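Peer 1: Got a structure here, written out as C-alpha cells. Questions coming.
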Amino acid sequence: MTGTTRRDVLKAAVAAGGAAGLSACLDIAGESDVPQGPDDPSTLPERQYAWGEYVRHDDHGNEQLPRHQVLLYLTLARDGTPTESDREQVAAAFDSLSRAYAWDHEGLLWSAAYSPAYFDRYDEPLHDAVECPPPHALSPFEQPAFDEQHLLVHLASDNPDVVLRAEQALLGEEDGANGVSFAASLDGVAALADESVDRRTGFVGAGMPAERQAGLEGVPDDGPVPEASPLFMGFAAGFAQNQATEDYVAIESGPFAEGTTKHVANLRQRLADWYGEQSFEERVMEMFSPKHAEEGWVDGVGTNLGDDSRVDETLADVEAQAREHGRIGHAQKAARANRDEDGNVRLLRRHFESTDDGVASLHFPSLQQRMSEFDAVRTAMNGTDLTGVTPAVRQRVNNGILEYVFVVRRGNWVVPPRSKQALPRPQ
Amino acid sequence: MRRRDFLAGAGGLAAAGLAGCSGLVTTEPAGAPPVLSDRPDAVYFPTHVEGMKMAETGRAGSYRFALTYSYPHRFWNVNGREVTLTEIASEDDVHLMTTVWDADTGQILPETGLSLEIERDGELVSQEVIYPMLSQPMGFHYGANFGLDGDGTYEVTTAVGGVSTRRSGGFAGRFADPASATMQFDFSAAERDGIRYENTPDRAGERAAVEPMSMEGMPNGRARPTEELPGVVGEATSGDARVVVGVRDTPPEGVDGDGRYLYASVRTPYNAMVIPAMAMTASTGDFEGELVRTLDPELGYHYGAAVDAVGDAIEIEPTLPPQTARHEGYETAFVSFDPMEVTV
C-alpha cells in the first residue's frame, strides 16, 4: 500500500502541469479516449465562448463548466507589431488544436483572448465597437496586480489529460496531441514569461473543492467545505436565470462582431471566519441576501434553488434589509447593476476554483459585451452606498463576502471571433 | 526595526492605579482571570492589563502605519446590537494591532476596511480583514488574534481601504485611496512572554479605565479636547458615552446644505477616546434627521448635519451602538443608549 491514492494524484496533476503532471495523470488514469475535432476548424462556432451548448447541464439546465481548466498568460517573444509570419504560425497552431479535440466538455473548449497591451503594439487604436480599457482597481480597498501579458489562452475539459496535452502541444513541448500532429506551436512567438504567475489552473464541480480542501491555505483544517459544493464557499453559483446569454454578451458590430470582452480576476479566499464565525443562516445572508435566510429559500449548497437564485426578489428593499439585519448579501448587491433596463442579465460568469501555490483561490472570468458593464457590477458589489445606510455594514465586514475574498490580480481581454483568433489587428 | 516596550518604561500603567494593589506581575497569559460576573453596564477596569510591543512602523504616501502586538486576548465583537465574546483559540500566538494615520495631521483613520497579510519566506501564513476595536489604553485601532508558524521573521503587509466616511473641511477629498505597507515582525514566543502582564483583582470591575498609553511616534485615538471645539453648547452622557454637542456657524466644506452645522463629538469617559461607527439622529428647531459620520480636521471624527436653525433644545438619540469590537472593560458600555437632551 502506498500513501497516495489515485484520487490524490489526479487532483494534483493539472496544477502541477508539464510533462510530470501529464505523466502522473496518464499513469493513473490512462489516456482519455476523446474524439478528434473537425478537419475544417472554420466549421466550429464563430464565438470562441460558445460553450453553453457543449457542456454538461444539471437537471435544472444550469451549465456545468468543464471540471479542469488552465489559463495561460502568454507574452509576445518580440517587441513591436506581430508580423504576418507570426500570425500564420499562431493560426496554424490554433487550427491544429481545433483539429485535435472535439469541441465539447469531454474534448476541449478553449479560447484565445488579447489584452489592451497587445493592441497597443499597433499604431491604430482598437476599433471603437470594442470597449476594453486596461485593467484597473475596481474597489476602494484593493490594490491588485494587473495582468498585461498579451495573450490569454483558456483551456477547459472534463478530462485532465486533455488540458495538459493541449497545453504541451500548443507551447511546443510536444509535437502533437490526440493523434493530430501540430503544424505549428506558439513557440517563438509567445510564451509563458514567468511560469509561477503566468500559468494558472483550476477546477469546478460538486465534490472537487471538498476533495482538495485538506492542507489548503485559506480553508480551515476541520474541512468545512460540503461534499456537494462545486465551490469552496459552500454554495452553487451561476444559476441559468441569473446569467447573461451568449447572444447578450456578443459584440454586435465591427471587425470583432461575435467576439466579447472578458475580465479575469484572481481572488484569494480566506474562509476561516466564513465557516468558523458564522452560522449557515449568516452565510446565506451574506452570499445571497438576508431575505433568503429569513424565508429559508436555501437548503444545503443551494441546488434546491433550481435555475434561479431568486435574487431578483430581494432587490426592492436592499437598504431596509441592511438596516434590519446589519448585513447585506453578495448576490443581491451585485444584481442591482447586473440587469439592463429590460431586465436582461448583463454578465456571463464562468468562474472556477484553484489550489495554485497551495492557496484556495477563485479564477473569475466574466464575459460581457462592454467592460464597463463588469465595472458597474463590481462597483455595486462593493456596497459602498450601504456603508452609509448603517455602520453595521462596513467596508468589508457584513458586506456580502468582501471579508473573505482578496483580489490578487485583474486583467481585461478582448475575445475575438474565431476567424480572427490568431493575433488580430485592432481594426 | 524600531522596537519599543510601551509599558515597561515609566508608562501610564503604574500611575493608573496599581499603587497599593496586590496585582500579580506574571509573564504568563494563561492566567487570564474569568470575565467578571457582575460587570456594570458601563466602562469598568478590566481583570488584567497587558502591555504591548511595537513590531515596526511603515509608510505609504501620506499614510503612516504602526504594527504592534501583545498576547492573544479575548475581545467582544459587535454586530448590530449583538455583542459576542470571541475567546482565544488554541492556535492563537499573538494579538496583532495596526494603527493607520495621516502623517500631516496625525488623524487616525477609522471605519475603513483594513487587512493584514502575513508571509514567511514568501509563503502565505495568514490573511484576514481585521476588525476595528476600542481599547482603554489605545482607543480606536484595528486588531485580531493570529496563529503563526513559530519563532522567526514574518513580513506583515497592512492594507487600508479608502475611507468612505464623509470627509469635510481640509479632509474633503482626502483619504480616498487604498494604501499598503509591509513591515517586518520578528516574533519570538519568549519575547512576547516578556511583555508586561498584570492581574488587577483590586480594581477589576471598578468604574474606571486603564490610563491611555502615549507612545512616541504614534498617535492614539483621543477625541479633540472639548475646549478646542468650536461652539460647544453642552455635554450629555448616555450608555456611559460622553457626547459633546456643538453648533458651528456654517457647515464645513464637503457637507451639503446651508445654515448652521450641528455636531456631536462622542468619546469614552476617563480617557476621552473617540467612539466611532455609531448611528444617531437629532432633532432641534425644524430639523429632524441623521447626524452623519464625518471626519474633519477641526472637529475630528464626529456626527453632524446642516440645520436651518437651532431650537431651544437639541435632542440626540443613538440608534445603533458603535460597530467596533471591544477589549475588556468596554464591552458592556456604549451598547444601550437613552436619548439625550442638551439645552441651548
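Peer 1: Below 8 Å, C-alpha to C-alpha, sequence gap of six or more: please give me the relative contact order for chain A in percent.
Peer 2: Averaging sequence separation for qualifying contacts and normalising by length gives 23 percent for chain A.
Peer 1: If you project the alpha carbons of the protein assembly as shown onto their three principal axes, what span does each projection cover, largest first, in Å?
Peer 2: 89, 65, 51
Peer 1: Just to confirm a number: summing +1 for Lys and Arg and -1 for Asp and Glu over residues other than residue A:284 whose beta-carbon lies under 13 angstrom from that of residue A:284, what do you get?
Peer 2: Summing Lys and Arg as +1 and Asp and Glu as -1 gives -2.
Peer 1: Exactly which GluC sites (Glu not before Pro) in region A:322-427 are in a DSSP loop and have at most 12 other Cβ atoms within 10 Å?
Peer 2: A:341
Peer 1: List the residues of region A:80-94 whose backbone N lies under 18 Å from a point placed 7 Å from the Cα of residue A:44 along the Cα-to-Cβ direction.
Peer 2: A:87-94, by backbone N distance to the label point.
Peer 1: OK, next. Give me the distance between the Cα centres of region B:203-228 and region B:298-334, rounded to whole Å.
Peer 2: 18
Peer 1: Here is a further query. Note the per residue figure in Å³ for the convex hull of the C-alpha positions in region A:141-204.
Peer 2: 110
Peer 1: Another one. Say a site is exposed when it is one of the trypsin sites (Lys or Arg not before Pro), sits in a DSSP loop, and has at most 12 other Cβ atoms within 10 Å; what is then the longest site-free stretch of chain B?
Peer 2: Between the exposed loop sites, the longest stretch runs B:82-344.
Peer 1: From the Cα gyration tensor of region A:361-422, with a ≥ b ≥ c the square roots of its eigenvalues, which class applies: rounded if a/c is under 1.5, or else prolate if a/b is larger than b/c, or else oblate?
Peer 2: It comes out prolate by the Cα gyration axes.
Peer 1: I've got another one for you. Starting from the Cα of residue B:86, step 7 Å along the direction of its Cβ; do the same at residue A:124; then give the gap between the two resulting points in nm.
Peer 2: 5.7
Peer 1: Can you show me the helix-derived [θ] at 222 nm for the protein assembly as shown, built from DSSP H runs with n ≥ 4 at -39,500 (n - 2.57) apiece and divided by the number of residues, rounded to the nearest 500.
Peer 2: -4000 deg cm²/dmol
Peer 1: May I pose another question? Summed for both chains, how many Å² of accessible area, to the nearest 100, are buried between A and B with a 1.4 Å probe?
Peer 2: Chains A and B together bury roughly 2200 Å² of accessible area.
Peer 1: Something else now. Only protein chains counted, 1.4 angstrom probe. Which residues of region B:314-329 are at least 10 Å² less accessible in the assembly than when their chain is isolated?
Peer 2: Residues passing the criterion (a loss of at least 10 Å², heavy atoms only) are B:320, B:323.
Peer 1: Right, something else. Can you work out the accessible area per residue across region B:226-321, with the rest of the protein chains kept in place, probe 1.4 Å, in square angstrom?
Peer 2: It amounts to 37 Å² per residue over region B:226-321.
Peer 1: Also: In chain A, what percent of the accessible surface is made up of carbon and sulfur (1.4 Å probe, ligands and nucleic acids excluded)?
Peer 2: Of the solvent-accessible surface of chain A, carbon and sulfur hold 46 percent.
Peer 1: With each label point set 7 Å from Cα along the Cα-Cβ vector, what nm distance links residue A:222 and residue B:235?
Peer 2: Distance between label points: 4.7 nm.
Peer 1: Rounded if a/c is under 1.5, else prolate if a/b is larger than b/c, else oblate: which is region B:153-298, with a ≥ b ≥ c the root eigenvalues of its Cα gyration tensor?
Peer 2: oblate
Peer 1: Would you mind counting up the charge near residue B:137? Only other residues with Cβ under 10 Å from its Cβ, with Lys and Arg at +1 and Asp and Glu at -1.
Peer 2: Charge balance in the 10 Å sphere: -2.
Peer 1: From Cα pairs below 8 angstrom and at least 6 apart in sequence, can you work out the relative contact order of region A:116-275, rounded to a whole percent?
Peer 2: Relative contact order comes out at 18 percent.
Peer 1: Normalise the Debye intensity by I(0) for region B:170-233, one equal point scatterer per Cα, no solvent, then take log10 at q = 0.21, 0.22 Å⁻¹ and round to two decimals.
Peer 2: Debye intensities relative to I(0), on a log10 scale: -1.18, -1.20.
Peer 1: Multiplying the sequence separation of residue B:207 and residue B:338 by 0.36 nm and subtracting their Cα-Cα distance, what value in nm do you get?
Peer 2: 45.2 nm
Peer 1: Please report, as a whole percent, how much of the solvent-accessible surface of region B:226-321 comes from carbon and sulfur atoms (probe radius 1.4 Å).
Peer 2: Answer for region B:226-321 is 40 percent, counting heavy atoms of protein chains only.
Peer 1: Then there is this: Going by the alpha-carbon gyration tensor, a ≥ b ≥ c the square roots of its eigenvalues, is region B:89-191 rounded (a/c under 1.5) or, if a/c is not under 1.5, prolate (a/b greater than b/c) versus oblate?
Peer 2: Prolate is the answer for region B:89-191, as a/c is 1.5 or above and a/b outweighs b/c.
Peer 1: Whole number please: convex hull volume per residue of the Cα set in chain A, in Å³?
Peer 2: Once divided by residue count, the hull of chain A is 137 Å³.
Peer 1: Between residue A:7 and residue A:357, how high is the FRET efficiency from 1/(1 + (r/R0)^6) when r is the Cβ-Cβ distance and R₀ = 25 Å? Nearest 0.05.
Peer 2: 0.75
Peer 1: Something else now. Say R0 is 41 Å: what FRET efficiency, to the nearest 0.05, do residue A:23 and residue A:88 get from their beta-carbon distance?
Peer 2: Result of the calculation: an efficiency of 0.80.
Peer 1: Still on this structure, please answer the following. Excluding ligands, DNA and RNA, what is the solvent-accessible area per residue of region A:216-289 at a probe of 1.4 Å, expressed in Å²?
Peer 2: Heavy-atom SASA per residue in region A:216-289 reads 33 Å².
Peer 1: Oh, and also: Using +1 on the beta carbon of Lys and Arg, -1 on that of Asp and Glu, and nothing else charged, what's the dipole of the protein assembly as shown about the Cα centre, debye to 20?
Peer 2: 1160
Peer 1: So which GluC sites (Glu not before Pro) in region B:116-224 end up in coil per DSSP with only 10 or fewer other C-beta atoms within 10 Å?
Peer 2: Answer in residue order: B:216.
Peer 1: Please determine, in degrees from 0 to 90 and to the nearest 10, the orientation of helix A:18-29 with respect to the longest principal axis defined by the Cα atoms of chain A, where the helix direction is its Cα long axis.
Peer 2: Roughly 80 degrees between the two axes.
Peer 1: While we're looking at this one, here's another question. Before anything else, pin down the relative contact order of region B:226-321: Cα pairs under 8 Å, at least 6 apart, normalised by residue count, whole percent.
Peer 2: Rounded, it is 25 percent for region B:226-321.
Peer 1: Taking K and R as +1 and D and E as -1, what net charge do the other residues with C-beta under 10 Å from the C-beta of residue B:268 add up to?
Peer 2: +2
Peer 1: Also, quick follow-up: Which three extents, in angstrom, do the Cα atoms of region B:226-321 have along their principal axes, listed largest first?
Peer 2: The principal-axis extents, from largest down, are 35, 25, 22 Å.
Peer 1: Moving on to the next point. To the nearest 0.05, how large is the calculated FRET efficiency for residue B:286 and residue A:425 if R₀ is 51 Å and r is the Cβ-Cβ distance?
Peer 2: For R0 = 51 Å, the calculated efficiency reads 0.20.
Peer 1: Another question about this same structure. Which ³J(HN,Hα) values, rounded to whole Hz and listed in residue order, are derived for region B:328-340 from phi using the Karplus coefficients 6.51, -1.76 and 1.60 in 6.51 cos²θ - 1.76 cosθ + 1.60 with θ = phi - 60°, glycine and proline given as x?
Peer 2: Karplus-based 3J(HN,Hα) across region B:328-340 equals 4, x, 10, 6, 9, 8, 6, 10, 10, 10, 8, x, 10 Hz.
Peer 1: Using a loss threshold of 10 Å², tell me which positions in region A:229-274 are less accessible in the complex than in their chain alone. Probe radius 1.4 Å, ligands and nucleic acids ignored.
Peer 2: Hits at the 10 Å² cut-off: A:268, A:270, A:272, A:273.
The values are calculated or read from the model by the stated rules, or taken from the named source; none is laboratory data. All values reported here derive from a predicted model rather than from experimental measurement. With ideal geometry, Cβ positions are generated from the backbone for all residues, glycine too; neighbour counts draw on all protein chains shown. For accessibility, only protein heavy atoms count, side chains too; no ligands or nucleic acids. Shrake-Rupley method; radii C 1.70, N 1.55, O 1.52, S 1.80 Å.
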